[in-house]
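Here the structure comes first, spelled out in structure tokens, and everything after it is commentary.
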Ligand code: NZQ
Ligand code: ZN
């Protein structure tokens with residue numbers, strides 16, 4: 001088991017009706033609020049009106065920054081920073097999914113960043129000085145409500161880059177707001193949760209019982225609750241379980257004591273989104289089983305980890321370890337397919353044309369050499385090809 005240090009300064013309010021905590025969450029920071037949101041779902045579900053009512057009763061002055069795109073763009077970050085500076089904003093209130101929260105984190109940090117904002121996205125840094133951020137989560141997927149990271153895209157450069165910005169001060173997580181999430185985004189979001197766990201679970205550390213146990217519990221919960229949420233979108237228990245596992249999956253807790261991995265599938269997926277603007281979770285669902293088969297074949301010394309996955313997550317058993325490992329991977333692929341999302345790049349209209357460039361960027365500096373099973377740029381091209 002490895003040493004670790006961990007801190008999450010975010011206060012989570014979870015459950016039905018926790019929007020009642022909104023006023024007290026914003027109040028310590030001041031009265032000038034930048035309200036950020038996406039393409040309008042919060043208006044359709046009545047949340048916008050509810051939030052505006054609370055803000056007006058509380059005497060807040062609200063400046064709006066709507067229209068934040070899925071795979072949020074650097075242009076939205078620039079627009080938000082400008083609004084904050086123009087209006088003397090004290091606190092950002094992000095209402096939406098991971099894209100809105102991520103963009104808001106970059107805006108919050110961008111206000112204090114001296115220099116070009118794309119440079120902020122590209123340069124290596126830890127948590128930055130930032131405006132306080134409060135969020136109301138409406139989609140269970142990224143875990144942005146409980147981590148300090150954000151992912152920003154520059155479509156002119158075909159780049160989508162993750163970085164640290166700031167942790168939300170408060171996250172308001174009411175599962176009832178996710179009742180309206182489409183089947184497609186519910187399935188994609190759950191694939192993202194599953195991938196966050198797999199990126200930590202498939203590590204060489206064998207003795208971190210707590211982390212492995214958390215990983216397996218989260219995976220089993222995703223497997224149990226996604227079909228229910230798809231069948232009954234307003235099933236509170238299913239939505240609540242998906243929301244709680246979304247927050248923990250990307251929080252760093254499932255990696256306690258484990259050797260770092262390179263989050264290979266996330267590196268490969270961000271390239272797909274950067275070139276083709278696809279839904280993050282769909283890209284991950286397509287990549288993950290193909291990545292698993294590739295590494296299992298490349299380095300059979302990792303078979304034990306796949307055997308554990310097959311047994312503890314899928315309840316499989318058998319004498320032949322390789323067959324068992326492959327059966328667990330097949331179960332995962334079948335699960336994603338049954339959720340109704342596309343399971344090949346071809347279905348998304350993606351061909352081989354950018355594979356070399358995407359693979360080179362996914363493996364920039366050769367960093368995938370430090371993955372659970374070391375990958376070369378050629379390996380990444382092979383994995384992309386297996387996804388066609
Ligand atoms: O834009 P609106 O109109 O709000 O609609 C959104 C969007 O079209 C819709 N939606 C959200 N809540 C809804 C809803 N529709 C109906 N009812 C609701 N309650 O869903 C669509 C997708 O929203 P988005 O925010 O893009 O999804 P998600 O939460 O999956 O976020 C994806 C982004 O997060 C990044 C991804 O790369 C991607 O850019 N990630 C962030 C991470 C982090 N901060 O730690 C880690 C992840 O690995 C990931 O990379
Ligand atoms: Zn993700």
* **Fluctuation leader among 351, 80, 38 - the chain, Gaussian network, Cα springs under 10 angstrom** => 351
* segment 11-177: Cα Rg divided by the 2.2 N^0.38 Å rule of thumb -> 0.94
* **the chain, helix-only ellipticity at 222 nm - DSSP H runs n ≥ 4, -39,500 (n - 2.57), divided by all residues, nearest 500** => -14500 deg cm²/dmol
* Degrees separating the helix 209-231 axis from the principal Cα axis of the chain, which is the longest one -> 70 degrees
* Could you work out how far the C-alpha centroid of segment 343-388 sits from that of segment 146-207, in angstrom? => 20 Å
* Within a Gaussian network of the chain (alpha carbon springs, distance under 10 Å), most fluctuating of 72, 175, 300 -> 300
* Structure fact -> Rounded to two decimals, the Debye log10 I(q)/I(0) of segment 233-388 (Cα scatterers, no solvent) at q = 0.11, 0.17, 0.18, 0.20 Å⁻¹ is -0.48, -1.16, -1.27, -1.45
* Folded to 0 to 90 degrees: helix 47-57 orientation relative to the chain principal axis, Cα -> 30 degrees
* To do: Write down, largest first, the equivalent ellipsoid semi-axes of the chain in whole Å, where each equals the square root of 5 times an eigenvalue of the alpha-carbon gyration tensor.
  => 34, 23, 19
* What does the convex hull of the alpha-carbon atoms of segment 56-129 project to on average, in nm²? -> 5.4 nm²
* Asked: Helix 377-386: angle to the longest alpha-carbon principal axis of the chain, degrees 0 to 90, nearest 10?
  -> 90 degrees
* Would you please state the base-10 log of I(q)/I(0) at q = 0.12, 0.14, 0.20 1/Å for segment 213-290, with intensities from the Debye formula using one equal scatterer on every alpha carbon? => -0.43, -0.59, -1.06
* Structure fact -> Reduced to Cα centres, the span from segment 246-274 to segment 38-114 in Å works out to 26 Å
* Structure fact -> Taking a ≥ b ≥ c as the square roots of the Cα gyration tensor eigenvalues, with a/c under 1.5 meaning rounded and otherwise prolate when a/b beats b/c or oblate if not, segment 138-202 comes out rounded
* Which residue, 169, 141, 94, tops the fluctuation ranking in a GNM of the chain built on C-alpha contacts under 10 Å? -> 169
* Structure fact -> The equivalent-ellipsoid semi-axes of segment 136-275, taken as the square roots of five times the Cα gyration tensor eigenvalues and listed largest first in whole Å, are 23, 21, 15
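No lab work stands behind these numbers, since they all come straight from the coordinates. In this text the structure is predicted, and so the values were computed from the model without any measurement.
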